[in-house]
Amino acid sequence: MMRNDDTPITLDLFAGQTPTTPGQVERIGEQSFVLRGFALPWLDRLLPALEAILQAAPFRQMVTPGGFTMSVALSSCGALGWTTDRSGYRYSATDPQTGHPWPDMPAAFREMAQAAARQAGFEHFEPDSCLINRYVPGARMSLHQDKNERSLTAPIVSMSLGLPAMFQFGGFERSDRSLRIPLFHGDIVVWGGVDRLRYHGVLPLKAGEHPRLGAQRINLTFRTAG
Ligand code: SIN
Ligand code: FE2
């Protein structure tokens, strides 16, 4: 059912922007998997719902506690949204830009994230937060751990849309070597359990034009935050 070998992931694949085989599962850690093309069958439900969310809670660039403006623009849906400003990183029940609750998490989002988690061996995933990251060419996310969540028992489910990106998946120290994994439209990465606190990041997005999403990459990250 699941391929547990350490299939080498070649950079040639990325250079050619050749999508990988839908249904292929690559194990990148003891409890970490790339599910190639997993989201593709869901897109007709996901994309209109995403558009509605972004009408209500548009992308905006947030400032880190250190005073840097993030190159990635953010939005959220679900009960809690991840935010950052000069006073710190945190989850908030309201959109700081509008003062309103974040848009509800659409059923298709939750069902897809739960199905992906299950495929990676995590039953009963109940995400209450979906962070929506928008990368334009040049935008990047430096190595970090996801650790603002109250409990670390739930996995992270991270879905890629649009232009391909080079994902870095490292160890438990920032300085540990990281794998470089090209991610394409419809791919999902799931990590949790013993791998939950692995450092990860995204290298600067290369310019390009995706047939469905245009000149951008959108990442949806599902978490149990509260
Ligand atoms: C994140 O770690 O929040 C984003 C990862 C990604 O964009 O793939
Ligand atoms: Fe992250």
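Observations
- Site pair residue 86 and residue 47 shows an inter-label distance of 4.1 nm when each label is modelled 7 Å from Cα along Cα→Cβ.
- Among the trypsin sites (Lys or Arg not before Pro) found in segment 170-205, those both in a DSSP coil and sparsely packed, with 14 or fewer other Cβ atoms within 10 Å of their Cβ, are 174, 177.
- Residue-count net charge about residue 127 - beta-carbon cut-off 9 Å; Lys, Arg +1, Asp, Glu -1: 0
- Surface analysis of the chain yields an accessible area of 46 Å² per residue, using protein heavy atoms and a 1.4 Å probe.
- For segment 57-129, a Kirkwood hydrodynamic radius built from all Cα pairs, placed in the Stokes-Einstein relation at 25 °C and 0.890 mPa s, yields a translational diffusion coefficient of 182 µm²/s.
- Packing-based order for 97-106, 185-194, 155-164, using average beta carbon neighbours within 10 Å, highest first: 155-164, 185-194, 97-106
- Normalised by residue count, segment 20-223 yields a Cα convex hull volume of 112 Å³ per residue.
- Degrees between helix 107-119 axis and first principal axis of the chain (Cα, 0 to 90, nearest 10): 40 degrees
- Compared with the alpha-carbon gap, the fully stretched path from residue 176 to residue 100 is longer by 23.4 nm at 0.36 nm per residue.
- 3J(HN,Hα) from dihedral phi, segment 86-96, Karplus parametrisation 6.51/-1.76/1.60, rounded to Hz, x for glycine, proline: 4, 8, x, 8, 6, 9, 10, 6, 10, 6, x
- Taking the helices alone, the chain has a mean residue ellipticity at 222 nm of -4000 deg cm²/dmol, built from -39,500 (n - 2.57) per DSSP H run of at least 4 residues and averaged over all its residues.
- Percent accessible area from carbon and sulfur atoms, segment 20-223, protein chains only, probe 1.4 Å: 51 percent
- C-alpha center-to-center spacing [segment 169-217, segment 87-107] in angstrom: 24 Å
- Tilt relative to the chain, helix 43-56 - C-alpha long axis, 0 to 90 degrees, to 10: 30 degrees
- FRET efficiency, residue 203 to residue 107 (Cβ-Cβ, R0 35 Å, nearest 0.05): 0.60
- Working from Cα pairs under 8 Å separated by at least six residues, relative contact order for the chain is 23 percent.
- Sorted peptide list for 83-96, 132-145, criterion being average Cβ within 10 angstrom, highest first: 132-145, 83-96
- Chain lengthening between residue 124 and residue 56 when straightened (0.36 nm per residue, less Cα-Cα): 21.6 nm
The values are calculated or read from the model by the stated rules, or taken from the named source; none is laboratory data. Note that the coordinates shown come from a computational prediction; the quantities given were computed from them, not determined experimentally. So basically every Cβ, Gly included, is an ideal-geometry build from the backbone, and we count neighbours across all protein chains shown. Please note that ligands, DNA and RNA were not included when accessible areas were found on the heavy atoms of the full protein model with its side chains. Shrake-Rupley method; radii C 1.70, N 1.55, O 1.52, S 1.80 Å.
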